[in-house]
1. Under a 5 Å amide H to amide H cut-off, with H placed in plane at 1.01 Å, what residues pair with Gly101 once short-range neighbours are removed?
2. Mind listing the phi-derived Karplus ³J(HN,Hα) values for region 113-120, rounded to whole Hz, using 6.51, -1.76 and 1.60 with θ = phi - 60°, and x for any glycine or proline?
3. Kindly state, as a whole number, the per residue volume in cubic angstrom of the convex hull around the alpha carbon atoms of region 2-132.
4. Hand me the tally of lysine pairs in the chain: alpha carbons under 18 angstrom apart, and the pair either on different chains or 8 or more positions apart.
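Please treat every number below as a calculation from the coordinates, not as lab data. Not measured: the values here are computed from a predicted model.
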Amino acid sequence: MYQILRSAHSGWRYVVLILLVLALIQALAGWFGKKPYTEGNRKLNVFALIATHIQILVGLVMYFISPLVEAGIRYWKMEHIGMMIFAAILVTVGNARSKRGDDGAAKHRTIAIYFGLALIVIVAAILAMTKVDPTRSFFGIS
């Protein structure tokens, strides 16, 4: 069970990264291009939010059934889970705040800032993972 969840969690990160990058690019183009906030923008942001939440749920299940937690590896117990929960909070807050924006540029700006920060945190956590465990790679599914 743990190996299945680990593979799913490791592979699903690409879905999350792709959706966040697409949402960020779209938000930056809308913000700087003064474009209206469309239903397509909203749907992409919601898909990124849902993918992030699925990733967090799978990660939390793994956290509680993982042999690494029992082994006491600090990175997995503290940094990885903390950074990823923080990134999910940024995505959630960004999506919620974008709904309250008055115009399209404000909504795009909110998404760009929050999703961009979340993306930075996620990439930093993945890079830290590759330093803690050299058998893993950023692009390789482990």
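1. none
2. With the stated coefficients, region 113-120 comes to 5, 5, 5, x, 5, 4, 5, 4 Hz.
3. Details: hull volume 11.4 nm³, N = 131.
Value for region 2-132: 87 Å³ per residue.
4. So the count works out to 9.
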